[in-house]
Amino acid sequence: MKLSQLFLGLMAGAMLLSTTVARADALDDIQKHGVLRVAVPQDFPPFGSVTADLKPQGLDIDVATLIARKMGVKVELVPVTSANRIPYLQTKKVDLVISSMGKNAEREKVIDFSAAYAPFFNGVFGAGDQKVSGPADLAGKTIGVTRGSVEDLELTKIAPPAATIKRYEDNNGTISAFLSNQVQLVATGNVVAAAIIAKNPPKKPETKFLIKDSPCVIGLNKDEKKLQDKVNAILAEIKKDGELNALSVKWLGLPLPATL
């Protein structure tokens, strides 16, 4: 065999070995090392934030910890921003992204997703005595909304002429309007509704109907079917036994929607 042929053969073998290593199964690696590395938010309560002593807290932190426990491994929380969470996943700095992330066509080109684990939606909220189940029921009602928000744009499209829409400059204004009974209902996101509930008002807002739904899903790298199946099996288990619902009530102040 010529030296050049031998060299080419060795190079081909090295490339094959490199490809094999690069494609090592993520779930096997997690179980082998006993650690699940999870990208989590640090500045988006109630999904993820830090306490005064810099301890991470939030729904996403609890979900990451619970999934690791169900896998029988330790959790390593890796704080990320919206901008770097997918690059961290693609460069194998983390195994999963649990960071209040929704599914969209652009993201689906580069990563895969689990089933939904948390509600993230815009909707109309009001106290239990407000009998509202759809846009038509807003007739004769006063609804508060943050000016220029997605909810404002969508509410303007669907509200009947007899509805009164009051617009506020920011979410704090919308929250204050509801708490002070200036409006009967608010059109906002479930995270803002959770902030209202955290203030413990006499009449807590309940979800009346959805305007736009974009539930949170867990991100993982493409072609990691075993890991995806494992995560989905755990999510199905904790939905069924009520553990995930308890976390939703704890952090969002609302139970999981029946459609999740």
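The values are calculated or read from the model by the stated rules, or taken from the named source; none is laboratory data. Keep in mind the model is a prediction, meaning the values are calculated, not measured. Note that we place each Cβ from the backbone using ideal geometry, even for glycine, and neighbour counts take in every protein chain shown.
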Breaking point among (1) part of a loop (DSSP other than H, G, I, E, B); (2) modelled with pLDDT of 95 or more, for Lys203: (2)
Residue in the stretch 171-186 that is buried (at least 16 other Cβ atoms within 10 Å of the Cβ) and at pLDDT below 90 present: yes
Filtered residues of the stretch 53-86 (kept if surrounded by fewer than 13 Cβ atoms within 10 Å (Cβ to Cβ) and either touching a Cys at 6+ places or on another chain (Cβ under 6 Å) or modelled with pLDDT of 95 or more (or both)): Gly72
Which numbered condition Trp251 fails, given (1) in contact with a helix residue (DSSP H, G or I) (Cβ under 7 Å, 6 or more places away or on another chain); (2) farther than 15 Å from Tyr117 by Cβ; (3) crowded, with 17+ Cβ neighbours inside 10 Å: (2)
The one condition in (1) farther than 17 Å from Leu256 by Cβ; (2) touching a residue at least 12 places away in the same chain (Cβ under 8 Å) that Pro87 fails to fulfil: (2)
Residue within the stretch 155-166 that is in contact with a Lys or Arg (Cβ under 8 Å, 6 or more places away or on another chain) and without any contact (Cβ under 8 Å) to a residue 24 or more places away in the chain present: yes
In the stretch 129-154, residue surrounded by the fewest Cβ atoms within 10 Å (Cβ to Cβ) [restricted to those that are in contact (Cβ under 8 Å) with a residue 24 or more places away in the chain and closer than 27 Å to Met101 by Cβ]: Val150
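Quick check on the stretch 107-128: of everything there that is over 15 Å from the mean Cα position of the chain (by Cα) and among the small types (Gly, Ala, Ser), which residue is surrounded by the fewest Cβ atoms within 10 Å (Cβ to Cβ)? Please lay out each step first, then the result.
Of the residues in the stretch 107-128, the ones over 15 Å from the mean Cα position of the chain (by Cα) are 108-111, 123-128.
Narrowing the set further to residues that are among the small types (Gly, Ala, Ser) leaves 123, 126-128.
Values: Gly123: 22, Gly126: 23, Ala127: 16, Gly128: 9.
Once the filter is applied, the top-ranked residue is Gly128.
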Every pair of residues 6+ apart whose Cβ atoms lie under 9 Å, when the first sits in the stretch 46-58 and is at negative phi while the second is among the polar types (S, T, N, Q) and loosely packed, with under 10 Cβ neighbours inside 10 Å: Gln57/Thr51
Flag if Ala115 is at pLDDT 95 or above and either in a loop (DSSP other than H, G, I, E, B) or assigned by TED's automatic domain parsing to the domain that holds Asn245 (or both): yes
Of all residues making up the stretch 87-106, the number that are of a type outside the set (S, T, N, Q), modelled with pLDDT under 95 and surrounded by 14 or more Cβ atoms within 10 Å (Cβ to Cβ): 3
Filter pass, Lys131 being of a type in the set (Lys, Arg) and not assigned by TED's automatic domain parsing to the domain that holds Val75: yes
Residue in the stretch 158-168 that is among the β-branched types (Val, Ile, Thr) and either within 26 Å of Trp251 (Cβ to Cβ) or part of a loop (DSSP other than H, G, I, E, B) (or both) present: no
